[in-house]
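Q: My structure is below; once you've seen it, I'll send some questions.
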Amino acid sequence: MIRLITNAMGLEFKNPVLTASGTFGFGEEFSEIYDLSKLGGICSKGLTLRERQGNSGIRIWETPMGMINSIGLQNPGVDNFIKYELPRMKSYNTVIAVNLGGHCEEDYFEGIYKLNESDVDLIELNISCPNVKTGGMAFGVKSSVAYNIVSKVKRICKKPLMVKLSPNAESMSEMAIACEEAGADGISLINTIQAMAIDIKKRKPVFDNVYAGLSGPCVKPIALRMVHEAAKNVKIPICGLGGIMTTQDVIEFIMAGATLVQIGTANFIKPDAAIDIIDGLTEFMDREGIDSLDEIRGIV
Amino acid sequence: MIRLITNAMGLEFKNPVLTASGTFGFGEEFSEIYDLSKLGGICSKGLTLRERQGNSGIRIWETPMGMINSIGLQNPGVDNFIKYELPRMKSYNTVIAVNLGGHCEEDYFEGIYKLNESDVDLIELNISCPNVKTGGMAFGVKSSVAYNIVSKVKRICKKPLMVKLSPNAESMSEMAIACEEAGADGISLINTIQAMAIDIKKRKPVFDNVYAGLSGPCVKPIALRMVHEAAKNVKIPICGLGGIMTTQDVIEFIMAGATLVQIGTANFIKPDAAIDIIDGLTEFMDREGIDSLDEIRGIV
Amino acid sequence: MKVINSRIIENNLISNKIYKLKVEFAGSIIPGQFFMIKTLDNSFLLPRPISVHDFNQNELTFLYRTEGTGTTKISTMRENDLIQLFGPLGNGFDINELKCKTAIIGGGIGAAPLLYLSKVLGKNADVYLGYKNDVYMDDSFRKYAGNTVVCTEDGCIGEKGFVTDFIDYNNYDAVVTCGPEIMMNKIIESCREHNVKCFASLERRMACGMGVCLGCTVETKDGYKRACKDGPVFSADELRC
Amino acid sequence: MKVINSRIIENNLISNKIYKLKVEFAGSIIPGQFFMIKTLDNSFLLPRPISVHDFNQNELTFLYRTEGTGTTKISTMRENDLIQLFGPLGNGFDINELKCKTAIIGGGIGAAPLLYLSKVLGKNADVYLGYKNDVYMDDSFRKYAGNTVVCTEDGCIGEKGFVTDFIDYNNYDAVVTCGPEIMMNKIIESCREHNVKCFASLERRMACGMGVCLGCTVETKDGYKRACKDGPVFSADELRC
Ligand SMILES: Cc1cc2nc3c(=O)[nH]c(=O)nc-3n(C[C@H](O)[C@H](O)[C@H](O)COP(=O)(O)OP(=O)(O)OC[C@H]3O[C@@H](n4cnc5c(N)ncnc54)[C@H](O)[C@@H]3O)c2cc1C
Ligand SMILES: Cc1cc2nc3c(=O)[nH]c(=O)nc-3n(C[C@H](O)[C@H](O)[C@H](O)COP(=O)(O)OP(=O)(O)OC[C@H]3O[C@@H](n4cnc5c(N)ncnc54)[C@H](O)[C@@H]3O)c2cc1C
Ligand SMILES: Cc1cc2nc3c(=O)[nH]c(=O)nc-3n(C[C@H](O)[C@H](O)[C@H](O)COP(=O)(O)O)c2cc1C
Ligand SMILES: Cc1cc2nc3c(=O)[nH]c(=O)nc-3n(C[C@H](O)[C@H](O)[C@H](O)COP(=O)(O)O)c2cc1C
Ligand code: FES
Ligand code: FES
């Protein structure tokens, strides 16, 4: 297991496998299924400064080897998180990342100020949520806009800062470079891809918000390309995700240049998927005679 | 069947269902399976001015509910096409579209001059192929670049001109608008999405070209969103494609605003899929008591 | 709750489109709880929520209707095949609230989760089952319930009419229901009128089934709740309908 | 060629990971042709190319080894299930070129397409089968072939060694081969040395199987050809290896 220890962004992760924001709640439910200290880390459900109810109407839709969600950042807000969720999360004995979204610059700043004073290990700045009408993804499409918000956040942020990129960005390479130049300690990608579903009986969009976010195995080939593209363009560590279901998928992301990975939708498909994947990594290293994942990282 | 007749770009289509470029060759093989005159139209394999060998190495890779291809526009060139393929295609008694790619402006112009003098019904200008190193998709990413090439082509083109857009475009709405303003008679979308696969045993990308194009049911939710986005922004007719497998998929694209659709990867999965889909359209109209697809077009 | 690959003991068609699936399972289960079920192949992605129909001696029984891709695929599984189960999930019925005279009202396949409840409540609870025209599950209920009333819309079997026509709410202290929304709404309304406490088991599209994805929202008087974790059983008092 | 949903007559394990699939099919088939095969669910997307192993009286037989998702899924299909077939596809062997003394050389599962050929060629053709350690198909070949030589790498059954060690190319006017690339390359080389005409059946990843996608390229002296339509049988003279 020691072979899996991964250092990135000034933090030590027990292994490179984190669970992805919005697919793991705040960990409590999963702690009934397995020992969370086995994880490399946990990314919290996306938080906003203030509590949010989330979107009305249908929120989940299955697609061929994928799902579309329109949760709309339902969350208890930063204060409630720090008070009620974080203490329990810290007891899980793994790296705790807070996924922070925002509607405007001030929201991000205020959230950061509060989190600066908390026990959180890592901030994952969500500039990419496609499910909220204002802000959210708007920060994640144009690299100049992203550069602006990331550099401002970085100036005030006392925690390691990982920026979560949107696959809907105009250019993944430019976006990654912009975040690196703005001072991000790392980047994670991809968030969900903007998609749509139509209910032909009702002759209406399935989602009240019309567009929503696609995730799951169907997006993996796209996510892998984007991680590779980002990795070729920046030196900061990359946390790769998008459709990871198996250890083999993780290896692919690492070969494409990812330092860390996140498990998202797979947590729904097989709730102990992350543990299988971590176990599989050790087996893979044994089989291939590898002492450290550094030997294959970015090899492609 | 008369109810399915669709007029667009100055042409009459027997029905709104065409077969997509690169998935149907020049029709010959499929003519052994079914009567091609049943189709709304056929888009030829992507042509370039001069014959191309296409890419080396593996060209096909299966992914969850999708496939990645790296054919690299292997084709006989415009002259050979006009001489050897087009006469037979014209005998199929359906709308014949030529999919034309290019590496540089001059290639496109010369191709158009030759096709102007031919029997081709429609030109589908491919500014979006992700599988050739130079040109190809480069024209399809930035809307200003697309505007430039499309307006120049339009000036010399004597056939109806449909521009095939890339899902890798920076912004689908801006791209659609740029093509409309440049004078396109219609647009078709989406081409394949840039993706990647890694062979972890070889520790190498699967494709010699590293990145290649993703298609099939997995991309449908994304394609549908893009078609909807384009339809909300332009008045020219839209030909929607990307992952269509069933009549229900077609209805969704039409409700999202498509006038025509194309069947791509489905031709491989069930070679007579297009016929099933066309038959299904009639049944759908009967069931819903609809006289014309206009009643549902763009309803969402 | 746990994730296991469980062996199928039987998976048989028992009525039009209705299958009974029996699997091995050790653990304890509250009536009204459900499992997320998936085949081991990739013919569909999200597990499907299916309620516990019956449970005893390490045998867990589900009753499901084939609707779309997932349930149709599940119906092709055979004896000894393995199937992925995740559960038990959800709050289930609060038995303490039902130690009074209770009416259990099920509509169609919606009655599936009510059998195990009826078994636990015993003769104290009467059962009302409404069907379109195809009747199933009635014999199982008769074994446990006080009184069992069966009706069909066309009267082909049992009483003719909607199940809601045959209940005298004055006879009951509590009502439990699961079935089509329109039926449940009608029952909730009647219960409010008659001041009878009422519990309804709701259905929502689910991804995780365990409370983390926030995909299965139910609008309550306290804001959104999760059908999978705060439910699927809700007190009619909480519901906004 | 046609697309049909065909009824499965049998689909049985006949050796380690090797299945024999028999389906209903009416039509005519040239030895060496193949079908694109798919289950009717969506557990995988692209049909899988599988060669005709045998054909008679409306019964088409395939022999396949479970490799990954697709073949494993196909192996779970049972009698009377329907399966999607598209074919027959490919050029098949040119029987006229093989009306001389012919050696048929198969390696492992690669021998599958050679049985129907052997049946058509009859006693005029000898058969050489090489396996790692597990031998199958040998009895079927013995029925039709002139001489049948079986060998295994470890000698557990038949001769010990590689199949290529047991062929005297001087005895033959033509050689036909299908199996691992490294085996086929060696045979092609020997045939060139001995001036024996040689035909090899090649495998490539395929999407359409009918010549339209251009996904299955084979490098030949005349440039790229399509394994599915211009092949899968190629004359060694054309090949660049
Ligand atoms: C808590 C709970 C318990 C249930 N118990 C039973 C039971 O005991 N017996 C039974 O027959 N059915 C039950 N259902 C309904 C059952 O889950 C759906 O019929 C099933 O998910 C449909 O899946 P499908 O693949 O056949 O249909 P598809 O339409 O192909 O499914 C597509 C997606 O929509 C979801 N979906 C479709 N219909 C429903 C629905 N009614 N409720 C929730 N999700 C849906 C599916 O889960 C899937 O994610 C229950 C639902 C819930 C929420
Ligand atoms: C013309 C032809 C005839 C064949 N005849 C037979 C036969 O009679 N018996 C038999 O056992 N096998 C045969 N094969 C090989 C067989 O097609 C593959 O073993 C099978 O496609 C593997 O699919 P999978 O889903 O099990 O593996 P996966 O690895 O899951 O397949 C993933 C993808 O790669 C493709 N692929 C993987 N391996 C091969 C391969 N060796 N050749 C072509 N595509 C491959 C699959 O078709 C699929 O698209 C033949 C191949 C060709 C091209
Ligand atoms: C139900 C759901 C909710 C999500 N919520 C968030 C969120 O709050 N913040 C965020 O950054 N990403 C969110 N995501 C995106 C995931 O973290 C992840 O980026 C995406 O799903 C791709 O990974 P996957 O394919 O492995 O799921 C959510 C995804 C799902 C499916
Ligand atoms: C094997 C293959 C070859 C293709 N070749 C071309 C091409 O030459 N020109 C083009 O514009 N699109 C080409 N495409 C893209 C398709 O026309 C279509 O845009 C894409 O596959 C999405 O539709 P689908 O998901 O229905 O396949 C090709 C696609 C495939 C799968
Ligand atoms: S299904 Fe995920 S929270 Fe209920
Ligand atoms: S598989 Fe499509 S051309 Fe050969």
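Q: In Å², and per residue, what accessible area does chain A have when probed at 1.4 Å with the other protein chains present? Don't skip to the end; give the middle numbers.
A: Details: 9710 Å² over 300 residues.
That works out to 32 Å² per residue.
Q: If you take the alpha carbon radius of gyration of chain C and divide it by 2.2 N^0.38 Å, what ratio comes out, to two decimals? Spell out each step's value before the answer.
A: On the way: Rg = 17.1 Å, N = 241, 2.2 N^0.38 = 17.7 Å.
Here the answer is 0.97, to two decimals.
Q: Now, a different point. Could you pull out the trypsin sites (Lys or Arg not before Pro) across the stretch D:103-164 that fall in loop regions by DSSP (anything but H, G, I, E, B) with no more than 13 other Cβ atoms inside 10 Å? Please list the in-between numbers first.
A: Details: sites: D:Lys119, D:Lys123, D:Lys132, D:Arg142, D:Lys143, D:Lys160; in loops: D:Lys132.
Counting only loop positions with at most 13 other Cβ atoms within 10 Å, the trypsin sites (Lys or Arg not before Pro) in the stretch D:103-164 are D:Lys132.
Q: Which residues of the stretch A:258-281 bury at least 10 Å² of accessible area once all protein chains are present, versus their chain alone (1.4 Å probe)?
A: A:Phe268, A:Ile269, A:Lys270, A:Pro271, A:Asp272
Q: Can you list the distances in nanometres, one decimal and ascending, from the A:Thr246 label point to the identical position in each other copy, with the point 7 Å along Cα to Cβ?
A: 2.6
Q: Each label point is 7 Å from the Cα along the Cα-to-Cβ direction; what then is the distance between the points at D:Asp81 and D:Ala26, in nm?
A: In this crude label model, D:Asp81 to D:Ala26 measures out at 2.6 nm.
Q: Where the centre of each part is set by its Cα atoms, how far does the stretch A:85-108 sit from the stretch B:39-87, in angstrom?
A: Cα centroid to Cα centroid, the span is 49 Å.
Q: How about the stretch A:180-226: which trypsin sites (Lys or Arg not before Pro) there lie in a loop by DSSP and see at most 16 other Cβ atoms within 10 Å? Write down the numbers at each step before the final one.
A: Numbers: sites: A:Lys201, A:Lys202, A:Arg203, A:Arg225; in loops: A:Lys201, A:Lys202, A:Arg203.
Here the sparse-neighbourhood loop sites are A:Lys201, A:Lys202, A:Arg203.
Q: Give, as a single signed number, the net charge of other residues whose beta carbon lies under 13 Å from the beta carbon of C:Gly92, with Lys and Arg counted +1 and Asp and Glu -1.
A: Working: positive: C:Lys229; negative: C:Asp94, C:Glu97, C:Asp230.
Cβ neighbours under 13 Å give a net charge of -2.
Q: Averaged across orientations, what area in nm² does the convex hull of the alpha carbons in the stretch C:78-123 project? Could the numbers behind the result be given before it?
A: Numbers: hull surface 20.0 nm².
Hull-based average projected area comes out at 5.0 nm².
Q: Quick one: of the DSSP bridges fully inside the protein assembly as shown, what percent are antiparallel, nearest 5? Don't skip to the end; give the middle numbers.
A: Details: 110 of 204 bridges.
Antiparallel: roughly 55 percent of the beta bridges in the protein assembly as shown.
Q: The stretch D:53-141: which GluC sites (Glu not before Pro) are DSSP loop and have at most 11 other beta-carbon atoms within 10 angstrom? Walk me through the numbers before you get to the answer.
A: Values: sites: D:Glu59, D:Glu67, D:Glu79, D:Glu97; in loops: D:Glu67, D:Glu79.
Answer in residue order: D:Glu67, D:Glu79.
Q: On average over all directions, what projected area in square nanometres does the stretch B:46-95 have, based on the convex hull of its Cα atoms? Could you put the intermediate results ahead of the total?
A: Details: hull surface 19.5 nm².
Its average projected convex-hull area is 4.9 nm².
Q: What is the ratio of the Cα radius of gyration of chain A to 2.2 N^0.38 Å, where N is its residue count, to two decimals? Display every interim value, and only then the final one.
A: On the way: Rg = 17.8 Å, N = 300, 2.2 N^0.38 = 19.2 Å.
Chain A yields a ratio of 0.93.
Q: Kindly provide the pair-distance distribution of the stretch D:158-241 built from C-alpha pairs, with 10 Å bins from 0 and whole-percent values in order of increasing distance.
A: With a bin width of 10 Å, the distribution comes to 18, 45, 26, 10, 1.
Q: Can you give the FRET efficiency to the nearest 0.05 for C:Arg142 and A:Tyr84, using r as the Cβ-Cβ distance and R₀ = 41 Å? Please list the in-between numbers first.
A: Working: r = 48 Å, r/R0 = 1.17.
Efficiency at R0 = 41 Å is approximately 0.30.
Q: Per-residue ellipticity at 222 nm for chain D, helices alone: DSSP H runs ≥ 4 residues times -39500 (n - 2.57), over residue total, nearest 500 deg cm²/dmol? Mind showing how you got there, number by number?
A: On the way: 4 runs with 36 residues, N = 241.
-4000 deg cm²/dmol, from helical runs alone.
Q: While we're here: Name the residues of the stretch A:51-70, by number, that are at least 40 Å² less accessible with every protein chain in place than in the isolated chain; the surface is that of heavy atoms, probe 1.4 Å, without ligands or nucleic acids.
A: The answer is A:Gln53, A:Arg59, A:Ile60, A:Glu62, A:Pro64, A:Met65 - residues whose exposure falls by at least 40 Å² when every protein chain is included.
Q: Per residue, how much accessible area does the stretch D:95-200 have with a 1.4 Å probe, in Å²? If you can, show how the numbers build up before the last one.
A: Details: 4640 Å² over 106 residues.
Heavy-atom SASA per residue in the stretch D:95-200 reads 44 Å².
Q: Summarise the accessible area of the protein assembly as shown (1.4 Å probe, protein heavy atoms) by the percent that is carbon and sulfur.
A: 46
Q: So, one more: Please report the antiparallel percentage of the DSSP beta bridges confined to the stretch C:95-200, to the nearest 5.
A: Numbers: 0 of 22 bridges.
If we restrict to bridges inside the stretch C:95-200, about 0 percent are antiparallel.
Q: Between chains C and A, what is the buried accessible area summed over both chains (1.4 Å probe, protein heavy atoms, nearest 100 Å²)?
A: Numbers: alone 11340 and 12620 Å², together 21520 Å².
Approximately 2400 Å² gets buried when C meets A.
Q: Do me a favour and compute the ellipsoid semi-axes for the stretch A:1-143 from its Cα gyration tensor, root of five times each eigenvalue, largest one first, whole Å. Kindly include the intermediate steps, with their values, before the conclusion.
A: Numbers: eigenvalues 121, 72, 48 Å².
Taking √(5λ) for each Cα gyration eigenvalue gives 25, 19, 15 Å.
Q: Oh, and also: So if R0 is 22 Å, what FRET efficiency would A:Asn233 and B:Val145 give, r being the distance between their Cβ atoms, rounded to the nearest 0.05?
A: Values: r = 21 Å, r/R0 = 0.95.
Step by step, r from the Cβ atoms, then E = 0.55.
Q: Using Cα pairs under 8 angstrom and six or more residues apart, how large is the relative contact order of the stretch C:95-200, in percent? Please list the in-between numbers first.
A: Numbers: 216 pairs, mean separation 29.9, N = 106.
The normalised contact order for the stretch C:95-200 reaches 28 percent.
Q: Here is a follow-up. Using each residue's phi in the stretch C:106-114, evaluate 6.51 cos²θ - 1.76 cosθ + 1.60 at θ = phi - 60° and report the 3J(HN,Hα) Karplus result to the nearest Hz, with x for Gly and Pro.
A: x, x, x, 5, x, 6, 3, x, 8
Q: Moving on. Setting aside same-chain residues fewer than 8 positions from A:Lys158, which lysines have a Cα under 24 Å from its Cα?
A: The reachable lysines, counting only those whose Cα sits under 24 Å from A:Lys158, are A:Lys14, A:Lys45, A:Lys83, A:Lys90, A:Lys114, A:Lys235.
Q: Which residue is it, in chain C, that holds its beta carbon closest to the axis of the C-onto-D rotation, and how many whole angstrom away?
A: Result for the axis mapping C onto D: C:Ser43, 2.
Q: Next question. Considering protein heavy atoms only and a 1.4 Å probe radius, which residues within the stretch D:72-87 exhibit an accessible-area decrease of no less than 50 Å² in the full assembly relative to the chain by itself?
A: D:Arg78
Q: Then there's this: Using only the alpha carbon atoms of the stretch C:95-200, find the Kirkwood hydrodynamic radius as the inverse mean reciprocal pair distance, in angstroms to one decimal. Display every interim value, and only then the final one.
A: Working: mean 1/r = 0.0753 Å⁻¹.
For the stretch C:95-200, the Kirkwood estimate is 13.3 Å.
Q: How far is A:Gly298 from itself in the other copies, in nm, if each label sits 7 Å out from Cα along the Cα-Cβ line, shortest first?
A: Ordered by distance, the counterparts are at 4.9 nm.
Q: With a 4.7 Å Cβ cut-off, tell me which Cys residues in chain D come up empty for a partner.
A: For chain D, the answer is D:Cys100, D:Cys151, D:Cys156, D:Cys178, D:Cys216, D:Cys228, D:Cys241, because their Cβ atoms have no other cysteine Cβ under 4.7 Å.
Q: With only alpha-carbon atoms in the gyration tensor, what are the semi-axes of the equivalent ellipsoid for the protein assembly as shown, in Å, largest first? Don't jump to the answer; show the numbers that get you there.
A: Working: eigenvalues 479, 280, 203 Å².
That gives 49, 37, 32 Å for the three semi-axes.
Q: With solvent modelled as a 1.4 Å probe, how much accessible area in total do chains A and B shield from it at their shared surface, in Å² to the nearest 100?
A: Values: alone 12620 and 12620 Å², together 21810 Å².
The summed interface area works out to 3400 Å².
Q: Follow-up. Which distance in Å, rounded to a whole number, links the C-alpha centroids of the stretch D:154-233 and the stretch A:133-187?
A: Each part's Cα centre sits 54 Å from the other's.
Q: State whether the stretch D:151-205 is rounded, prolate or oblate according to the following rule on the C-alpha gyration tensor (a ≥ b ≥ c being the square roots of its eigenvalues): a/c under 1.5 gives rounded; otherwise a/b larger than b/c gives prolate, and the remaining case gives oblate. List each step's numbers first, then the result.
A: Working: a/c = 2.41, a/b = 1.22, b/c = 1.97.
Here the stretch D:151-205 falls in the oblate category.
Q: Per residue and in cubic angstrom, what volume does the convex hull of the Cα atoms of the stretch A:225-286 have?
A: Details: hull volume 4.3 nm³, N = 62.
Taking only Cα atoms, the stretch A:225-286 has a hull volume of 70 Å³ per residue.
Q: Rounded to the nearest 100 Å², what is the buried accessible area between D and C, both sides summed, probe 1.4 Å?
A: On the way: alone 11370 and 11340 Å², together 22220 Å².
What D and C bury together is about 500 Å².
Q: Okay, next question. Take every DSSP beta bridge whose two residues both sit in chain B, then give the antiparallel share in percent to the nearest 5. Don't jump to the answer; show the numbers that get you there.
A: Details: 17 of 42 bridges.
Antiparallel bridges: around 40 percent, rounded to the nearest 5.
Q: Would you calculate, for chain B, the mean residue ellipticity at 222 nm contributed by helices, counting each DSSP H stretch of 4 or more residues as -39,500 (n - 2.57) and dividing by all residues, to the nearest 500?
A: Details: 8 runs with 82 residues, N = 300.
Helix contribution divided over all residues of chain B: -8000 deg cm²/dmol.
Q: Within 10 Å of each Cβ in D:201-211, how many Cβ atoms from other chains are there, averaged over the peptide?
A: Working: counts 0, 0, 0, 3, 7, 3, 14, 11, 3, 9, 4.
Counting Cβ atoms of other protein chains within 10 Å of each residue's Cβ and averaging gives 5.
Q: Along the principal axes of its C-alpha atoms, what lengths does the stretch C:2-89 span, in descending order and rounded to whole Å?
A: So the extents along the principal axes, rounded to whole Å, are 30, 27, 24.
Q: Say each of A:Ser173 and C:Glu238 gets a label point 7 Å from the Cα, pointing the same way as Cα to Cβ; how far apart are those two points in nm?
A: 5.3
Q: While we're looking at this one, here's another question. P(r) of the stretch B:190-293 in 10 Å steps, Cα pairs, percent per bin?
A: 15, 37, 30, 12, 5, 1
Q: Moving to a separate point now. For a Förster distance of 35 Å, can you work out the FRET efficiency between the beta-carbons of B:Ile156 and B:Glu28, rounded to the nearest 0.05?
A: Working: r = 30 Å, r/R0 = 0.85.
Efficiency, rounded to the nearest 0.05: 0.70.
The values are calculated or read from the model by the stated rules, or taken from the named source; none is laboratory data. Because the structure is predicted, anything quoted here is derived from the model rather than measured. Counting neighbours? That spans all protein chains shown, and the Cβs are built from the backbone with ideal geometry, glycine included. When the accessible area is computed, the model is the full protein with side chains, heavy atoms only, and any ligands, DNA or RNA have been set aside. Shrake-Rupley method; radii C 1.70, N 1.55, O 1.52, S 1.80 Å.
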